[in-house]
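Asks: Take this structure, written in structure tokens, and hold onto it; I'll ask about it next.
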Amino acid sequence: MHLSRDGELSESGSTLPWQSWLTDCRQQFGDAPRHIDRATENRLLVHPPWLSKLRLGDSLAKLIQNSTLRSLFRNGQVTWGHVVQANQDLFEPMPLTESYIYDRPGEILFSPFDSEVVTPEYLQSLARKIGSLRRAQGLDAEMQSWANYLNAETTRVVGKPVPQRFSPAIACFVSTTLFRRSYLPDGVLRNPLLPVIVAPQQPFYAIPLPSIYWPESLLDWWATTG
């Protein structure tokens, strides 16, 4: 696991159409509760070959269970997420076409609450603050727990509250997720900012929104960043 690469969240000094893109994603994905037909469900559900190796009770194993994913796709809300930490492999093209072999876990930052405060720029700044704890010294107990979690690189969390001192205006959370290659444009994590599906209540499971639900202009931006 490695810290995410920083993406540029502005273009030629102007703000990108974040709200428009998010609205388009929500419209294309549809309002909850959604009906997901069998063919679409078969494309969206996860069957990685290493699933059986996860220990009983592992929250990543719980996330990628069909029942959890069905609930997320049916009832989850679409919002912006920002990568805090992800495997470096995800930033490179897949060696083979069997994309599910190269799916990798990572940590995603989000807020499940609609707020004008939680802009992509806000999430980017917050992700940098969280990531900086990996190298910090002399931390208090709360911050040290975050540093330990990030440095372990194998600890799973679901809806871990971001320290209030980092985000006093609105509650934000981090959850371990699975970055499915088939969900990402061209199967590559080119930018740490992306739309995600978040459970409407705790536990706040989260997974990237498949790119088939992204507007073309967002896909174009994604293809030219990173």
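Asks: Does Trp80 fit the bill of being outside any loop (DSSP other than H, G, I, E, B) and farther than 27 Å from Gln28 by Cα?
Replies: no
Asks: Now a separate question. Examine the stretch 62-76 for a residue that is at pLDDT below 80 and either of a type in the set (Gly, Ala, Ser) or not in a helix (DSSP H, G or I) (or both), and state whether such a residue exists.
Replies: No; the residues of the stretch 62-76 include none that is at pLDDT below 80 and either of a type in the set (Gly, Ala, Ser) or not in a helix (DSSP H, G or I) (or both).
Asks: Then there's this: Could you please let me know if Asp114 is among the acidic types (Asp, Glu), surrounded by fewer than 21 Cβ atoms within 10 Å (Cβ to Cβ) and under 30 Å from Gly30 (Cα atoms)? Give the derivation first.
Replies: Values: among the acidic types (Asp, Glu): yes; surrounded by fewer than 21 Cβ atoms within 10 Å (Cβ to Cβ): yes; under 30 Å from Gly30 (Cα atoms): yes.
So Asp114 passes the test.
Asks: For the stretch 156-166, which positions are touching a Leu at 6+ places or on another chain (Cβ under 8 Å) and modelled with pLDDT under 95?
Replies: First, the residues of the stretch 156-166 that are touching a Leu at 6+ places or on another chain (Cβ under 8 Å): 156, 158, 162, 166.
Within the stretch 156-166, just Arg156 meets the criteria.
Asks: Residue by residue through the stretch 24-61, note down the ones that are modelled with pLDDT under 90, part of a helix (DSSP H, G or I) and under 30 Å from Ser217 (Cβ atoms).
Replies: Across the stretch 24-61, the qualifying residues are Ala39, Thr40, Glu41, Asn42, Arg43, Leu44.
Asks: Now for a different question. Within the stretch 108-226, which helices (runs of 4 or more DSSP H) (wholly inside it) include 2 or more residues that are among the polar types (S, T, N, Q) and under 24 Å from Asp58 (Cα atoms)?
Replies: So the answer is 141-152.
Asks: Next question. How many residues does the stretch 63-85 hold that are in contact (Cβ under 8 Å) with a residue 12 or more places away in the chain and surrounded by fewer than 16 Cβ atoms within 10 Å (Cβ to Cβ)?
Replies: Residues flagged as in contact (Cβ under 8 Å) with a residue 12 or more places away in the chain and surrounded by fewer than 16 Cβ atoms within 10 Å (Cβ to Cβ) within the stretch 63-85 amount to 5.
The values are calculated or read from the model by the stated rules, or taken from the named source; none is laboratory data. Quick caveat: nothing in here was measured; it's all calculated off a predicted structure. Please note: Cβ atoms are built from the backbone with ideal geometry, for glycine as well, and neighbour counts cover all protein chains shown.
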